[in-house]
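Worksheet for the structure shown next.
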Amino acid sequence: MSLAQWRDGDDAARAAFADELRRICHEVGFLTLVDHGIEPEFLDRYFAGLAEFFALPEDTKALIDKQQSRHFRGWERVGAELTGNRVDYREQLDLSTENEPYDANALPAYLRLDGPNQWLPDELLPGFHDLVNEYFARMGELADELMQILATGLKLPANTFATMFGEKPLSFAKLISYPPTPPGEAGVNSHHDAGFLTILAQNGVAGLQAESPDGQWIDVPPERGTFVVNLGEMLQSMTGNYYVATNHRVITEEARFSAAYFHGPDLRSSLAPLELADEFAEAVASSPRHRDAGFMAKRTELLAGEAGIGSTPVPVFGEQMWNYYVRSYPDMVRAYYPELV
């Protein structure tokens with residue numbers, strides 16, 4: 001989709017764009033975005049920065065090892081994260097909005113996710129911190145614009161989602177280096193995203209696959225200058241399954257970089273369904289795919305042998321994120337928060 005139709009069009013063109021985005025997000029939940037205003041030259045510079053970071057010696061990257069962060073921020077080796085209780089074959093640097101932390105013993109436990117990132121000293125990688133912060137900020141602005149369009153497509157005020165994001169929004173990002181995927185494994189195993197919406201930049205190498213409504217895995221082309229946009233479980237919950245998070249995975253035959261930005265609200269934000277027009281509720285009721293859409297399983301459900309995507313929604317965004325970290329980093333949760341395991 002071309003964002004120019006929204007930005008440059010008259011009222012009729014903007015309404016048509018919002019309606020088309022609504023239809024795609026309802027029927028598929030995955031799209032590629034062009035004319036978004038992020039220059040290809042900036043993306044090239046950004047991915048050059050990622051390549052430079054991941055080329056550093058492991059003992060240098062380990063200065064910001066995620067194991068050192070009670071907020072689950074930092075660098076991790078290949079195989080450190082689990083998805084669906086299976087190992088993901090990717091190396092990554094995880095970052096989030098740097099909100100002032102709550103007390104280490106704060107309750108509910110999910111409040112402990114707010115806090116600082118870990119950064120290498122600038123002399124080890126000059127300009128990297130500023131480059132990533134610029135990328136994070138520009139993705140946030142783009143995501144805010146997409147939220148307005150998504151609300152408009154649902155016949156809601158354009159600021160509906162923005163007003164629900166609260167005083168301390170928490171977005172996060174993954175800077176990812178995939179080695180070639182071992183046979184029978186995945187760079188990241190099939191999953192839904194936990195947040196509101198995801199903006200993904202690929203770097204010219206294939207590997208991302210989305211599951212179509214009929215259960216087929218579809219390759220998502222890594223075209224230069226485009227972003228992949230997909231929806232997370234937060235939006236699925238808030239729209240009563242009208243928008244559903246789309247299952248996706250990565251299996252790559254060659255080394256690959258990507259950068260995923262996950263737009264999210266205040267940890268205390270409610271995920272209660274919005275009151276939508278009758279036509280949208282009726283569309284969910286008449287579609288088994290939407291009516292029966294599940295959520296990523298909690299850690300306890302996975303250990304009990306239940307399906308990876310068949311759980312029920314949680315009422316608050318922080319619980320959604322806490323479930324993600326407990327599911328993906330059980331050893332870290334036990335190390336920092338043994339009383340909560």
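Annotations
- Fully extended contour minus Cα-Cα distance, from D144 to N159, at 0.36 nm per residue: 4.5 nm
- Global geometry of the range 276-341, whether rounded, prolate or oblate, following the gyration tensor of its Cα atoms and the 1.5 cut on a/c: prolate
- Gyration tensor (alpha-carbon) shape descriptor, the chain, a/c threshold 1.5: rounded
- Estimated 222 nm signal from helices in the chain, with DSSP H stretches of n ≥ 4 weighted -39500 (n - 2.57), rounded to 500: -9500 deg cm²/dmol
- Rel. contact order, % - alpha carbon contacts under 8 angstrom, at least six apart, the range 4-340: 20 percent
- Of all the options L63, L271, L82, the one that moves most in a Gaussian network model of the chain with Cα springs shorter than 10 angstrom is L63.
- Candidate aspartates and glutamates for bridging to K298, where Cα separation is under 16 Å - those fewer than 8 sequence places away on the same chain excluded: E81, D193, E233, E306, E319, D331
- Paramagnetic label zone (point 7 Å from Cα along Cα-to-C-beta, S2; backbone N under 14 Å) in the range 32-71: 33-37
- Under 12 Å from a label point set 7 Å out along the Cα-to-Cβ vector of V87, the amide N atoms of the range 162-197 belong to 182-183, 185-186.
- Magnitude of the charge dipole for the range 4-340, about its Cα centre and with charges confined to Cβ atoms of Lys, Arg (+1) and Asp, Glu (-1), is about 760 debye.
- If R0 equals 35 Å, the separation of the Cβ atoms of A104 and E254 corresponds to a calculated FRET efficiency of about 0.25.
Every read-out reported here was derived from the displayed coordinates using simple, explicitly stated rules and does not represent laboratory data. Keep in mind the model is a prediction, meaning the values are calculated, not measured. When we count neighbours, we look across all protein chains shown, and the Cβ atoms used for this are built from the backbone with ideal geometry, even at glycine.
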